[in-house]
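Worksheet: the structure to be examined is printed underneath.
Laboratory data are not the source of any read-out in this text; all were calculated from the coordinates shown. Since we're looking at a predicted model, the values are computed, not measured. A quick note on method: Cβ atoms are made from the backbone with ideal geometry, for glycine too, and the neighbour counts reach across all protein chains shown.
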Amino acid sequence: MTIADAQCVATWLLLQQNINSLATDLQSMVFAGASILMDTIQGYCSKTGMPLSEFKSRGQLLDGTSVPVGPGCLVLYNHALPAGRRRFTIAHELGHVYLGHKQRGVQQENEADWFAAQLLMPECIMMELWSRNGWLVQHEVSDWFMVSGAAARHRIGEMQRKHWYHMGEQELELVQRYLPYIQEEIENQYLVSV
C-alpha cells in the first residue's frame with residue numbers, strides 16, 4: 001500500500017456513505033466490504049471483564065486499537081479522549097482495517113493517518129472550500145469537520161505544500177455530494193461576517 005492507495009480507499013468508503021454534513025458521521029457509517037463493530041476500550045473491558053491494563057502502553061491507556069474478531073474486526077477507542085482526537089483515532093483504526101494491515105510499523109501508521117485525514121477532511125472538499133473561500137483557517141476546518149486543531153493544522157499544511165491538485169472521477173462525485181454543505185458553510189460564514 002501507498003499513501004495514494006490509502007487516500008483512494010478512504011474516498012471510496014466516503015462514496016458509500018449518506019453525506020449529510022461536512023463532518024463524517026463515524027457512528028453511522030456503512031462499512032462496505034467489511035464487518036466492523038466499534039466500542040470504547042472502557043466499555044469493552046467492562047463487558048468482557050478484561051483489565052484496562054491490557055490496553056496500556058508505557059502506563060498510558062491507548063488512544064485506540066483494532067482487533068480481528070472472526071471474519072470481522074472490532075475497533076476500540078479511548079472514550080476519555082477529546083472529541084476531535086477520538087474521531088481521528090477511530091478513523092485511523094478504520095484505516096488499518098480497510099488497508100489490510102496485519103502489522104504496525106511506521107509505514108502502516110502513516111498510511112492509517114492519511115486514510116483518517118481523507119476520511120474526515122477529504123482533500124477534494126478542502127480544495128473546493130479553499131477555492132471558494134480563498135483561504136483555509138485552522139479553527140474553521142476544525143469546526144467544519146469536527147477534528148482537533150492539530151489535525152486541521154496538519155491537513156492545511158499538507159495542502160499548502162502541494163503545487164497542483166487533480167480531481168479524478170471519484171473526487172468530482174464526492175464534491176457534488178458535499179456541494180450543498182460546502183455552500184451552506186460559505187453562506188453561514190458570510191452571514192456571520194456581515
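First obtain the Kirkwood hydrodynamic radius of the chain from its Cα pairs, then insert it into the Stokes-Einstein equation at 10 °C and 1.306 mPa s, and state the resulting D in µm² per second as a whole number. The calculation lands on 91 µm²/s. Quickly estimate the mean residue ellipticity at 222 nm for the chain, helices only: each DSSP H run with n ≥ 4 gives -39500 (n - 2.57), and the total goes over all residues, rounded to 500. My calculation for the chain gives -18000 deg cm²/dmol from helical runs alone. In summary, no lysines lie within cross-link reach of residue 162, defined as a Cα separation below 16 angstrom excluding same-chain residues under 8 places away.
Please identify the longest segment of the chain free of exposed trypsin sites (Lys or Arg not before Pro), where exposed means a DSSP state other than H, G, I, E or B and no more than 13 other Cβ atoms within 10 Å. In short, 1-57. Which residues make up the longest stretch of the chain clear of chymotrypsin sites (Phe, Trp or Tyr not before Pro) that lie in a DSSP loop with no more than 13 other Cβ atoms within 10 Å, not counting the sites? After excluding every exposed loop site, the longest remaining stretch is 1-134.
Between residue 35 and residue 83, the distance separating the two model label sites (each 7 Å from Cα on the Cα→Cβ line) works out to 3.3 nm.
The modelled label-to-label distance between residue 53 and residue 186, using points 7 Å beyond Cα along the C-beta direction, is 5.7 nm.
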